[in-house]
Amino acid sequence: MGPGPLQRLNRTALAPPGRAAEAPRIFITGASAGIGAALARQYAREGAVLGLFARRANLLDALAAELSPASVATYAGDVRHPEALARAATDFLTRFGAPDIVIANAGISYGTLTECPEDRAAFAEIFAVNVLGLVHTFQPFLHAMRDRGEGCLAGVASVAGFRGLPGAGAYSASKAAAITYLESLRVELRGSGVSVHTICPGYVDTAMTRSNPYAMPFLLSADQAARRIARSLRGGQSFQVLPWQMAVVGWFLRRLPNPVYDRLFAHAPRKPRLVE
């Protein structure tokens with residue numbers, strides 16, 4: 001068996017003088033902005049071959065032009081549609097071979113209230129993107145990665161999945177489901193050579209968080225988050241909360257008795273809904 005995906009990331013640095021190193025192959029969803037675009041820039045600096053998938057083709061094309069002369073293939077599509085990811089995966093596999101790392105990063109967040117019938121569509125969309133999007137991203141790559149006996153699947157969840165946040169039932173539940181799904185997949189693939197990594201960011205300064213009407217402690221820039229995610233994947237951690245301060249907060253919140261948690265958060269500020 002050859003070197004693992006995390007070792008492969010260091011090949012450029014370790015290659016003997018005069019010998020071309022094999023560039024790591026990385027596929028990222030939600031790559032047109034925020035953490036996804038920052039990850040693309042991070043891995044482009046490391047010499048990776050990139051497959052970038054997102055809904056907004058114009059932003060993907062602009063990012064690819066910015067990353068030139070890095071090897072970049074862009075794919076416009078929606079993670080809710082498995083056929084779009086299947087087409088992208090087929091093209092990437094044909095052109096570059098099995099990826100070393102697949103990062104399922106696409107995610108959305110809106111405020112939701114169960115009592116409001118008009119929020120049913122938002123509930124469905126959030127689950128389709130944040131949970132089924134992971135399945136649709138990983139599925140078309142898994143056979144090739146298992147056949148090769150190495151690779152890394154990374155899913156971006158959230159500390160919002162640790163406890164249910166008022167006014168964000170869909171988002172919190174979707175991220176809790178993502179955390180549990182990734183754990184199931186990790187156990188299923190144990191011994192296959194394909195590792196599964198769960199990334200749980202706290203607050204990251206992106207378009208998704210800028211509408212939050214409340215303080216966001218330990219806020220990271222997208223570039224800071226990307227650097228820490230890349231470092232975590234190189235280190236092989238199966239579960240990573242970032243920054244470390246949010247890991248402490250998450251540990252504390254998960255251990256609060258329900259009556260105490262309910263009292264503290266019942267009147268917390270809430271994320272705006274799509275239909276106010």
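By other beta-carbon atoms within 10 Å, ranking 179, 199 with the fewest at the front produces 179, 199.
Per the Cα gyration tensor, the chain maps to an equivalent ellipsoid with semi-axes of 32, 20, 18 Å, ordered largest to smallest. Shown is the FRET efficiency for residue 120 and residue 147, computed with R0 = 30 Å from the Cβ-Cβ distance and rounded to the nearest 0.05: 0.15.
In this rough spin-label picture, where each label sits 7 Å from Cα along the Cβ direction, the residue 273-residue 224 distance is 3.3 nm. For segment 15-89, taking the reciprocal of the average inverse distance between every pair of different Cα atoms yields a Kirkwood hydrodynamic radius of 12.7 Å.
Going by neighbour counts of Cβ atoms within 10 Å, the residues 29, 94, 74 line up, fewest first, as 94, 74, 29. Take 97-105, 185-193, 82-90, 124-132 and order them by the average number of nearby Cβ atoms within 10 Å per residue, most first; the result is 97-105, 124-132, 82-90, 185-193.
Look at the dipole of the chain built from charges on Cβ: of 182, 109, 131, the Cα furthest out on the positive end belongs to 182.
Excluding residue 256 itself, calculate the net charge of residues whose Cβ lies under 12 Å from the Cβ of residue 256, where each Lys or Arg counts +1 and each Asp or Glu counts -1. So the surrounding residues net to +3. With springs connecting C-alpha atoms under 10 Å apart, model the chain as a Gaussian network and identify which of 106, 40, 70 has the largest mean-square fluctuation. Largest GNM mean-square fluctuation: 70.
Equivalent ellipsoid of segment 43-161: semi-axes from √(5λ) of the C-alpha gyration tensor, largest first, are 28, 17, 13 Å.
Calculated [222 nm] ellipticity per residue, helices only, for the chain: -13500 deg cm²/dmol; basis is -39500 (n - 2.57) per DSSP H run with n ≥ 4, divided by all residues, nearest 500.
Of the residues 150, 22, the one with the fewest other Cβ atoms within 10 Å heads the list, and the complete ranking is 22, 150. Summing charges over all other residues whose Cβ lies under 15 Å from the Cβ of residue 242, with Lys and Arg as +1 and Asp and Glu as -1, gives +3.
Quick one: net charge of residue 133's neighbours, Cβ under 13 Å, K/R +1, D/E -1? So the surrounding residues net to +1.
Computed from the coordinates by the stated procedures, all read-outs in this text should not be read as laboratory data. Just so you know, these numbers come straight off a predicted model, no measurement behind them. Here the Cβ is made from the backbone with ideal geometry for all residues, glycine too, and neighbour counts use every protein chain on show.
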